[in-house]
Amino acid sequence: MDIRNEYLPVLLFLQPRATTPNTIHKEELRFYSNLSLTNDSLVSKNYPANGSYYSEKIIIYKFLERYDLKPTERIITAELLQYGHLEKQYRTVIDLEYLHFVNRWSYGLTDLLELGVQVSGFSFNSGIFDHTINVYHSMVGIYTGKEELPNNKFKYSLSDDRKVFLSSKPRTNLGDSVISTKWKLFNNKNSGLQFALLSSLKIPTGNKSLSMSSGKPDFSFGFAFGYNKGNWTQFLNCSAIYVSDPFKNSKVKTNHYGIVSYTLLYKWNYRFSILSQLDVHNSPYNSFTPYLNEPSLMFSMGINWKAFENSILQSGFSEDLTTYPVPDITIFLNWKMKISISSNYFSPDKI
């Protein structure tokens, strides 16, 4: 499924997409266009290393609701009661909505080797869905801290005890580009097993000052494994990512990390199929806060619709599963199209 973790601090670095082991035919060209809309918030502003701080702060904050205090006064008083001082040196404020555009072209160098080129862009906005998400959270009994702030305001700032190291404004600009390869090594139609090697190189073409790029290249390699049986198809993607460190900071550094994705597809009929995907990866950060350091666990679900003979539309959503470095919710729309520059007939199982 063409979706990855859309958490903004993670999007600075390379995230290889989940893909099938199949390659397109020689001299065949495919065009992929992806659009993701994400609403995210982490608005309890102070996160020291004490892991119980977040839950304890909520208890104190709710106790102070009995008194005639403003929300900001309750936050500060909760910090003073717990620590005897303000923990301002650990500040993470994320409250925004953003669009992530990705366009990719894949070309078949041979029937077994595929080359891909990807460009991306971002549009950061204050958002329009804050109230709806707050209502949903209250219905299911979840407290996020976003309830303390006005709806549809833009805030994005991460800082250590000395300076801000990530921040941005409501802007639209370019993200990084990616060159990728896929080499199919095995495809047994009788057993339904497929296997391919993958590699990607991120080129820092994005706007670093708006935190839309790390400003440095990253590299990954991995594999894709597939298994078909009847209407069911399973894919397993594993990648190791080598990350360049863009931070000149003793408190915030980067780690090389890995991604594992498991995708399950059911082909309903000729036109429609249903997909679900589980993504797990450790963090590319080594820092002071669990909101950067924690591993990510994300669930996605979508539908493929073969709208035309040469194209497929994919839509769905992604949700975090108990982990912090994953957005509250992401909805996505993907369009995949074959451009006829060869005589090979379009095969929908290769999209």
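All of the numbers you see were taken from the coordinates with simple rules; none came from a lab. Here the structure is a predicted model, which means the values were calculated and not measured. Glycine gets a Cβ as well: all are built from the backbone with ideal geometry, and neighbour counts include every protein chain shown.
Observations, loosely collected:
- Highest average packing first - 29-36, 309-316, Cβ atoms within 10 Å: 29-36, 309-316
- Centre separation in Å (Cα based) which lies between region 168-198 and region 13-35: 5
- Within the same chain, lysines fewer than 8 places from Lys62 are excluded, and of the rest, those with a Cα less than 23 Å from its Cα are Lys45, Lys70, Lys88, Lys146.
- Entries in Lys26/Lys208; Lys153/Lys336; Lys182/Lys208; Lys189/Lys306; Lys202/Lys251 that, when Cα-Cα distance is taken, lie over 27 Å: Lys26/Lys208; Lys153/Lys336; Lys182/Lys208
- Put simply, when 163-169, 104-110, 17-23 are sorted by average Cβ atoms within 10 angstrom per residue, most first, you get 17-23, 104-110, 163-169.
- Separation of the Ser126 and Asn152 label points, Cα + 7 Å toward Cβ, nm: 0.8
- Net +/- balance of residues flanking Leu201 in space, Cβ distance below 11 Å, scoring K and R +1, D and E -1: -1
- For region 186-322: Kirkwood Rh in Å [reciprocal of mean 1/r, alpha carbons]: 17.5
- A viscosity of 0.692 mPa s and a temperature of 37 °C, combined with the Kirkwood radius over Cα pairs in Stokes-Einstein, give a translational diffusion coefficient for region 243-315 of 219 µm²/s.
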